[in-house]
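Novice: Let me begin by handing over the structure; questions about it come next.
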Amino acid sequence: MNERLMDILISSFGEIFMQGIKITIPLTIISFTLGLILALFTAIVQVANIRILKSLARFYVWIIRGTPLIVQLFVIFYGLPSLGIILDAFPAAILVFSINTGAYASETIRAAIESVPKGQLEAGYCVGMSYVQTMRRIILPQALKTAFPPLSNSLIGLVKDTSLAASITITEMFQVSQRIAARTYETFALYCEVALIYLIFCTVLTKLQTICEKKLQIE
Amino acid sequence: MLEIKNVQKSFDDLKVLDGIDLTVEKKDVICILGPSGSGKTTLLRCMNYLTKADAGEMIFDGESFDMNHISKNDIARIRRKTAFVFQNYNLFRNKTALENVTEGLIIARKMPKKEAEEIGMKALTKVGMADRFNYYPHQLSGGQQQRVGIARAIATDPEVILFDEPTSALDPELIGEVLSVIKELAKDGMTMVIVTHEMNFARNVSTKVIFMDRGKIVEEGNPDDFFTSPKNERTQQFLNSFKNRMEG
Ligand SMILES: Nc1ncnc2c1ncn2[C@@H]1O[C@H](COP(=O)(O)OP(=O)(O)O)[C@@H](O)[C@H]1O
Ligand SMILES: [Mg+2]
């Protein structure tokens, strides 16, 4: 490997990595948190069979799961302005990633809630607890434990999906590497490097997931 | 104390309860026998409103309720006076034995935690599970789980406990420990309605035996008469099938 390439890789590593800390990580964390709240709500209105909200929830999940993420990004960022609604790139990305995570995670959480044996709900009623009390104290804690591994997968998926934000002008890691590649013509090296940085982020998350799962197991 | 009259329940076209009348007096131990599918579980569930009957009247401590049209509030009041022990225990899996017993007291009845735990430990002691108060359901045998289930039932100080085949899910060697707990309760004068297939137990513990078939009560009486000289043909067949099984 020649010296020039080494220098490019070393200086770009820091640049891309820092952009990861500044954009990719916040984008992921904020979107995932909002997405989870949305998912919990979407799952619960379905399980609790709240009439209108349930139909609304099904409709939402249907639309989001049935359309590509990148198209959703384009609709919100490039499409809405023609209706007079203009969002900055970052809020637009947060909006789309949250809604997207919400739809997929709601299905995970719904399945997890349904996997908790129903008899415990009846046992709750029999000792005088209400639906809400039993859900909150008995059913949901068990469901969230079940949902934890698949939700961690969604989180790791989201880290990588944020690279799509490059397509709506956000200078996250992938876009930074594209720019450096264009400037230096070292496309292969640069794209491998950004791949490696995503891999580092995801590996850290996977390790964290394993630790948390062990903790949950012990409880 | 508790009376139900003309209870009706169908699932789609299937008539599961067809005019059930039942009176429970204080300190009664009523055992309900009957073939599988005869509606025993449904009857108990209707008495606790886990299933809503299509029709029927309930008179509980002098107050009358329409079993089909009953307010949430009345259901809550009736559930306060009853307890239910399930065939498959239905313990809260994310709670320890003690928490299983205290959860309803603390969350539903707003009892201070300390007081609830005292009551909880007393209930666990009663069923011989005090030393395992800190165990989670998955760390307990079936018999132990069911004893915790019974502790959870008695802790709420109910006027009547409904048992739905409390030993049917247990390995044979674990049945005895649960039955002896129930016998203890009977000795203390606890009012109980017990669906069971344990004939000897029913004979020894009950004040009244009821035989159900196809959604109807076809025979009822005191245990000695019931077991020695059953009048109904279906009862005779049913009891004979058990005798044959025991004699192998
Ligand atoms: N939720 C339900 N939906 C439809 N059919 C039911 C339901 N619960 C019970 N049944 C039917 O009602 C009949 C009586 O059931 P059950 O009360 O459980 O009888 P038992 O406890 O005496 O075995 C059975 O034929 C059963 O299949
Ligand atoms: Mg049954």
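Novice: Out of the helices (runs of 4 or more DSSP H) lying entirely within the stretch A:89-134, which hold 3 or more residues that are of a type in the set (A, V, I, L, M, F, W, C)?
Specialist: So the answer is A:89-115, A:119-126.
Novice: When you scan the stretch A:189-201, do you find a residue that is under 17 Å from the mean Cα position of the chain (by Cα), crowded, with 16+ Cβ neighbours inside 10 Å and among the hydrophobic types (A, V, I, L, M, F, W, C), even just one?
Specialist: yes
Novice: Could you go through the stretch A:51-64 and let me know if any residue there is part of a loop (DSSP other than H, G, I, E, B) and under 20 Å from the mean Cα position of the chain (by Cα).
Specialist: Looking for residues that are part of a loop (DSSP other than H, G, I, E, B) and under 20 Å from the mean Cα position of the chain (by Cα), one finds none in the stretch A:51-64, hence no.
Novice: Filter the stretch B:158-176 down to the residues that are more than 16 Å from ligand 2 (Cβ to nearest atom), in a loop (DSSP other than H, G, I, E, B) and at pLDDT 95 or above and list them by number.
Specialist: B:PRO158, B:GLU159
Novice: For the list (1) within 14 Å of chain B (Cβ to nearest Cβ); (2) surrounded by fewer than 19 Cβ atoms within 10 Å (Cβ to Cβ), I need the number of the one condition that A:MET129 fails.
Specialist: (2)
Novice: So, one more: Given the conditions (1) touching a Ser or Thr at 6+ places or on another chain (Cβ under 8 Å); (2) without any contact (Cβ under 8 Å) to a residue 40 or more places away in the chain; (3) assigned to a helix (DSSP H, G or I); (4) farther than 21 Å from A:VAL132 by Cβ, and given that B:ASN134 satisfies all but one, which numbered condition is not satisfied?
Specialist: (3)
Novice: What residue, of B:LYS27, B:LYS72, B:LYS52, is basic (Lys, Arg), within 14 Å of chain A (Cβ to nearest Cβ) and away from ligand 1 (no atom under 16 Å from the Cβ)?
Specialist: Matching residue, one of B:LYS27, B:LYS72, B:LYS52: B:LYS72.
Novice: Also: Collect the residues in the stretch B:153-184 that are over 13 Å from the mean Cα position of the chain (by Cα) and within 14 Å of chain A (Cβ to nearest Cβ), keeping them in residue-number order.
Specialist: Of everything in the stretch B:153-184, those that are over 13 Å from the mean Cα position of the chain (by Cα) and within 14 Å of chain A (Cβ to nearest Cβ) turn out to be B:ALA155, B:THR156, B:ASP157, B:ALA169.
Novice: Another one. For the stretch B:25-70, which strands (runs of 3 or more DSSP E) that fit wholly inside it have 1 or more residues that are away from ligand 2 (no atom under 13 Å from the Cβ) and loosely packed, with under 15 Cβ neighbours inside 10 Å?
Specialist: Per the criteria, B:55-60, B:63-66.
Novice: Would you tally the residues in the stretch B:30-49 being more than 9 Å from ligand 1 (Cβ to nearest atom) and closer than 20 Å to B:GLU159 by Cα?
Specialist: 6
Novice: Just checking, does the stretch B:38-54 include any residue being of a type in the set (D, E, K, R) and either touching a Pro at 6+ places or on another chain (Cβ under 8 Å) or under 30 Å from B:ASN240 (Cα atoms) (or both)?
Specialist: Among the residues of the stretch B:38-54, at least one is of a type in the set (D, E, K, R) and either touching a Pro at 6+ places or on another chain (Cβ under 8 Å) or under 30 Å from B:ASN240 (Cα atoms) (or both), which makes the answer yes.
Novice: Moving to a separate point now. Would the stretch B:120-130 turn up any residue that is surrounded by 22 or more Cβ atoms within 10 Å (Cβ to Cβ), without any contact (Cβ under 8 Å) to a residue 60 or more places away in the chain and within 13 Å of chain A (Cβ to nearest Cβ)?
Specialist: Yes, because at least one residue in the stretch B:120-130 is surrounded by 22 or more Cβ atoms within 10 Å (Cβ to Cβ), without any contact (Cβ under 8 Å) to a residue 60 or more places away in the chain and within 13 Å of chain A (Cβ to nearest Cβ).
Novice: If B:VAL7 satisfies all but one of (1) within 14 Å of chain A (Cβ to nearest Cβ); (2) within 16 Å of ligand 1 (Cβ to nearest atom); (3) among the hydrophobic types (A, V, I, L, M, F, W, C), what's the number of the condition it fails?
Specialist: Against the list (1) within 14 Å of chain A (Cβ to nearest Cβ); (2) within 16 Å of ligand 1 (Cβ to nearest atom); (3) among the hydrophobic types (A, V, I, L, M, F, W, C), B:VAL7 comes up short only on (1).
Novice: So which pairs qualify, if the first residue must be in the stretch B:82-101 and within 16 Å of ligand 2 (Cβ to nearest atom), the second must be assigned to a helix (DSSP H, G or I) and of a type in the set (Lys, Arg), the Cβ gap must be under 9 Å, and the two must be at least 6 apart or on different chains?
Specialist: Qualifying pairs under 9 Å: B:PHE84/B:ARG45; B:VAL85/B:ARG152.
Novice: Could you give me the residue pairs with C-beta distances under 8 Å whose first residue belongs to the stretch B:230-244 and is without any contact (Cβ under 8 Å) to a residue 12 or more places away in the chain, whose second residue is assigned to a loop (DSSP other than H, G, I, E, B) wherever it lies, and which are 6+ apart or on separate chains?
Specialist: B:GLN236/B:PRO230
Novice: Same structure, new question: Sort out which residues of the stretch B:77-93 are surrounded by fewer than 21 Cβ atoms within 10 Å (Cβ to Cβ) and at the interface with chain A (Cβ under 7 Å from one of its Cβ atoms), and write them in order of number.
Specialist: B:ARG80, B:ASN88, B:ARG93
Novice: Given the residues B:VAL127, B:VAL85, B:VAL101, which is the only one that is closer than 17 Å to A:LEU121 by Cα and in contact with a Lys or Arg (Cβ under 6 Å, 6 or more places away or on another chain)?
Specialist: None of the others qualify; the one that does is B:VAL101.
The values are calculated or read from the model by the stated rules, or taken from the named source; none is laboratory data. Because the structure is a prediction, the values reported are computed rather than measured. Using ideal geometry, Cβ is built from the backbone for each residue, glycine included, and neighbour counts are taken over all protein chains shown.
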